[in-house]
Structures are given as structure tokens and as C-alpha cells.
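The values are calculated or read from the model by the stated rules, or taken from the named source; none is laboratory data. Computed from a predicted structure; not experimentally measured. All Cβ positions, even for glycine, are placed from backbone atoms using ideal geometry, and neighbour counts span all protein chains on display. Ligands, DNA and RNA are excluded from the accessible area calculation, which covers all protein heavy atoms including side chains. Shrake-Rupley method; radii C 1.70, N 1.55, O 1.52, S 1.80 Å.
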Amino acid sequence: SSNEDRSSTPAYYATDNDSQTRWESETQRTGLYLQLDLNQTYILDGAKLTLENDTWDYPRNLQAAVSMDGESWTYLDTYTEDNISYYFEESSCRYIRFVLGDTEDTGSHWSVYEISLFSPLFP
């Protein structure tokens, strides 16, 4: 799901295992998020957000937040070197939310073709 109410594409396109579809936001804005319900608890330590050829549509100042109930969120220190793979401390969660920080007034969209999650249990 997402809090982007102006998107012309559904959020599930980011997890449908089809590299021909994508979720895309309108213009990036601080606080915009893309959220996944994992349906059970997992231990995660990173994620890859595939951009395909839309390399300028990377998320600005992305942070990861995790939750067990979808109500109370813990923000994690998140880092990246390539604006594609994001890493954070190991965390147990059922929900993970990717939240934009300061969007730098770029005017660009945020595109995600597929999200892959990393777990230290499955290297």
C-alpha cells in the first residue's frame, strides 16, 4: 500500500514479480511512503528497489520503518551507496514501510518495478 493517492498504478505492482509493471508516485514529497504487509514476522536487514531504466526516479533520502502491528513504527538508520540497495540493522517485523525524507524539490517521480527484501537468515 501507499499514501500516494494520485498514483495511476497500484502499489502491488512493486511486488508482482513482473519487471514490465511498476508502481509510480506523482512528484516525490516528504513523508510519501510505500508499505508492505509480509503476512508474518521476518527478520530483515535490507531491501533492493529495482528502478529499471528510470534511474532518476530513485527515492530521495529514503528511510525504512518497521512494525509488528501496522500502527506503531520504528524508524531504522538506513544507508545506501547506489540508491537501489538499502541496508539497516536487523529487525523483526511484519510490516515494512519505505518513507521519503527531504525530496530536494527535484520534481521527479518515485518508480519501483520490484522490491526484494534481504534477510540475514537467507543470504
On the accessible surface of the chain, probed at 1.4 Å with all protein chains in place, carbon and sulfur together account for a percent value of 42 percent
Calculate I(q)/I(0) for the chain by the Debye formula, one identical point scatterer on each C-alpha and no solvent, and give its log10 at q = 0.20, 0.21 Å⁻¹ to two decimals.
-1.16, -1.29
What are the semi-axes of the equivalent ellipsoid of segment 57-123, taken as the square roots of 5 times the eigenvalues of the Cα gyration tensor, listed largest first and rounded to whole Å?
21, 15, 11
Under the Karplus relation 6.51 cos²θ - 1.76 cosθ + 1.60, θ = phi - 60°, what is the ordered set of whole-Hz ³J(HN,Hα) values for segment 28-35, x standing for Gly and Pro?
4, 8, 4, x, 5, 9, 10, 10
Could you work out how far apart the two model spin labels at SER85 and ASP69 are, taking each label as a point 7 Å from the Cα in the direction of the beta carbon, and quote it in nm?
3.6 nm
Can you tell me the accessible area per residue over the chain, all protein chains present, probe 1.4 angstrom, in square angstrom?
55 Å²
Cα pair count fraction exceeding 15 Å, expressed as % - segment 19-87
60 percent
